[in-house]
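*Asks:* Okay, here's the structure, questions in a sec.
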Amino acid sequence: MFIKADVHLDAKGYACPMPIVKTKTAMNDLTDGQILEVQATDKGSIADLKAWAESVGHQYIGTIEDHGVLFHFIRKNGDAEVTEKKFEQTIQNDELLERVSNGGIVLDVREQAEYAFGHIEGAKSIPLGELEERLVELTKDQEIYVICRTGKRSDLAAQKLFEKGFTKVYNVLPGMSSWNGPLEKNI
Amino acid sequence: MASMKMTAAQVARKVIENQPLFILDVRNGDAYEDWKIEGHRFDYLNVPYFHLIDGVEEILHALPTDKDVLVVCAKEGSSQMVAEMISEAGRDVYYLEGGMKSWSSYVEPIKVGNLTGGGELYQFVRFGKGCLSYMVISEGEAAVIDAVRFTDEFINFAKEKNVEIKHVFDTHLHADHISGGRHIAEETGAIYYLPPKDATEVEFEYTPLEDGLSIKIGVSKLEVGALYSPGHTIGSTSFIVDSKYLLTGDILFIDSIGRPDLAGLAEDWVDDLRQTLYIRYRELSEELTVLPAHFMIIDELNEDGTVAKRLGDLLIENHGLNIEDEAEFRRTVTDNLPPQPNAYQQIRQVNMGKVSPNHEEQIEMEIGPNRCAVR
């Protein structure tokens, strides 16, 4: 499936160290939370990109391979300091499946690329940045369990929904980074 | 200041001659932890190249000035970049030509000793991977045992020595490296032998290597005798060369013993392994020099770079030969085994002739240490 990215970098045909050198430079043009797609043919770039991204605080989302080309997805500063979460209605990861089985939906507000590489089965995907314009896809009489990676974006999304009159909204903590239940992938 | 290439052969000299070397390994931490260049007097610093893209100032103070500094990466590119930055900062520095890929491929023939009638025995040491291959030479003829995949090394060496390779043996179906045996036999017209019990699935012609088989090499009829010694695999066979040397394959190493699990049958083969190590080998002369198909740690190397030790000494010193209790022996060789070698199932398929990967794929499969042993 097509995976969305904000910026694309072509590093095909380059040997190590060039894919990482180019990625590092390209990252400067992204704002926090944006997604970079790196196309590379050097197999070593998988382990190196992951190790580099994690060591400097970017979020390595995943890699897919198509006809010998590797497509790496990285989210800029995904590990930026977690600010205080303000929205008061919260539930824990391990309560989620039971709550949803009694009705309500899981709303995954991470970027589409993050969702594609692994999400809770049946979760609806609306990235935080698109939430305002896609409110019509949600209903106010249903519980909405908002989840992201670390609880930060879902906190903002839950506040936004509450302001717009969605009262049965809960932020799921700690979020997908600690999710150890089953995952569904769209890649 | 200059940044210069150092070849794998030059690094091997430093290992053999016990010279000091400072290695700045710029691969990522996982790769370094898994596998690195080992030397008796080598010191190390691991800083991934991607932390050095903006400059090397932060590590300069950690680089010694009283010994050679060698920058190492997977394939060369990153080490060259880092070496150039270090040299621009005013320091002399080397980078490894061809990177770890080249180190993994490098093989050095070292003479183990003389044989009856002017014969010679050579051990081919593959430092990067810990593989040991052998060539027995006698009066114009040669036999090759457990050849690694670099067939030219053996064929060219035979040419230099003016001998014809007549017999090629594999002590067992290898799981940690790709065998060059079959291809050497094809190129030279030699006979290729493999233990039939390891060869039930192979897709090529071979001559069965049976217990008691005795091959005479050269005019002086130098004897290479086969001794069935199962345990690492069900077919594993040892060789006694000239009544002096015991080639143990992957059954007995200098500081460890073979693991029985790489063909998926650990429980079944434990008893065979015990029989071989505790009964068959003990019936042999203690004066035999043991020559294994691998070494795991640099301490197993002798001063001349060879890997060899008297059987009598190993019977005393090797922990795996001194576990009296059978249940404890069973636990040692089946529980808590080290991780299996990289791609070992694929490598077995290649050695059975079922798949024929290209050059790059072969390199990829053989990355990392060999891990054939239990300590």
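Each reported figure results from applying straightforward, stated rules to the coordinates on display, with no laboratory input. These numbers come from a predicted model, not from an experiment. As a convention, Cβ positions derive from the backbone with ideal geometry for all residues, glycine included, and neighbour counts pool all protein chains shown.
*Asks:* When we measure straight from the Cα of B:K166, which aspartates and glutamates land under 14 angstrom away, once same-chain ones fewer than 8 places off are left out?
*Replies:* Partners found: B:E139, B:E141, B:E186, B:E187, B:E223.
*Asks:* Still on this model: If r is the Cβ-Cβ distance from B:V202 to B:N358 and R0 is 25 Å, what FRET efficiency results, to the nearest 0.05? Could you put the intermediate results ahead of the total?
*Replies:* On the way: r = 20 Å, r/R0 = 0.82.
With R0 = 25 Å, the Cβ-Cβ based efficiency is 0.75.
*Asks:* What distance in nm separates the simple spin-label points at B:A9 and A:K43, each placed 7 Å from Cα in the Cβ direction?
*Replies:* 2.8
*Asks:* Using a basic spin-label model with each label point 7 Å from the Cα along Cα→Cβ, how many nm lie between B:Q19 and A:E130?
*Replies:* 6.1
*Asks:* Tell me whether the stretch B:195-275 comes out rounded, prolate or oblate; compute the Cα gyration tensor, take square roots of the eigenvalues as a ≥ b ≥ c, and use a/c under 1.5 as the rounded threshold.
*Replies:* On the way: a/c = 2.72, a/b = 1.42, b/c = 1.92.
The shape class here is oblate.
*Asks:* With +1 on each Lys and Arg Cβ and -1 on each Asp and Glu Cβ, and nothing else charged, work out how big the dipole of chain B is about its Cα centre, in Debye to the nearest 20. Please list the in-between numbers first.
*Replies:* Values: 34 positive and 63 negative charges, 110 e Å.
Charge dipole of chain B: 520 debye, to the nearest 20.
*Asks:* Would you mind telling me the antiparallel percentage of the DSSP bridges in chain A, rounded to 5? Walk me through the numbers before you get to the answer.
*Replies:* Working: 14 of 31 bridges.
Approximately 45 percent, going by the DSSP bridge assignments.
*Asks:* Same structure, new question: Taking neighbour Cβ counts within 10 Å as the exposure measure, how do B:K101, B:K67 sort from fewest upward? Before the final figure, lay out the partial values.
*Replies:* Working: B:K101 19, B:K67 15.
Going from least to most buried by this count: B:K67, B:K101.
*Asks:* Separate question: Using the count of nearby Cβ atoms within 10 Å as a rough guide to exposure, how do A:T139, A:T63 rank from fewest to most? Working shown, then result.
*Replies:* Numbers: A:T139 10, A:T63 19.
Starting with the residue having the fewest Cβ neighbours, the order is A:T139, A:T63.
*Asks:* Where in the stretch B:103-140 does the label zone of B:V219 land, with the point 7 angstrom along Cα→C-beta and an amide N cut-off under 14 Å?
*Replies:* It comes to B:117-119, B:138-140, nothing else.
*Asks:* Roughly speaking, what is the stretch gain from B:D211 to B:I298, that is 0.36 nm per residue apart minus the C-alpha to C-alpha distance, in nm to one decimal? Please list the in-between numbers first.
*Replies:* Details: separation 87, 0.36 × 87 = 31.32 nm, distance 3.24 nm.
Answer, rounded to one decimal: 28.1 nm.
*Asks:* Can you give the extra length, in nm with one decimal, that the chain gains between A:S177 and A:D94 once fully stretched, where that is 0.36 nm per residue apart less the Cα-Cα distance? Don't skip to the answer; put the middle values down first.
*Replies:* Values: separation 83, 0.36 × 83 = 29.88 nm, distance 1.30 nm.
Between A:S177 and A:D94, full extension yields 28.6 nm more.
*Asks:* Now a separate question. Ignoring everything except DSSP H segments at least 4 long, calculate the 222 nm mean residue ellipticity for the protein assembly as shown; use -39,500 (n - 2.57) per segment, divide by total residues, nearest 500. Present the calculation step by step, with values, prior to reporting the outcome.
*Replies:* On the way: 17 runs with 142 residues, N = 562.
Helix contribution divided over all residues of the protein assembly as shown: -7000 deg cm²/dmol.
*Asks:* Still on this model: Across the residues of A:44-52, average count of Cβ atoms on other protein chains within 10 Å? Each step should come with its number before you reach the end.
*Replies:* On the way: counts 8, 0, 0, 6, 10, 2, 2, 8, 6.
Taking the mean over all residues of the peptide, I get 5.
*Asks:* Counting alpha carbon pairs within less than 8 Å and at least 6 residues apart, what relative contact order, in whole percent, applies to the stretch B:107-374?
*Replies:* Reported as a whole number, the value is 18 percent.
*Asks:* In the Gaussian network model of chain B, springs joining C-alpha atoms below 10 Å, which of B:P64, B:P195, B:P208 carries the largest mean-square fluctuation?
*Replies:* Among B:P64, B:P195, B:P208, the largest mean-square fluctuation in the Gaussian network model of chain B belongs to B:P64.
*Asks:* Using a 10 Å cut-off around each Cβ, can you sort A:D94, B:D242 from fewest to most neighbouring Cβ atoms? Let's see the in-between values first.
*Replies:* Numbers: A:D94 11, B:D242 20.
Lowest to highest Cβ neighbour count: A:D94, B:D242.
*Asks:* Mind giving me the nanometre distance, one decimal, between the label points for A:I64 and B:K111, set 7 Å out from Cα along Cα→Cβ?
*Replies:* Simple spin-label model gives 6.1 nm for this pair.
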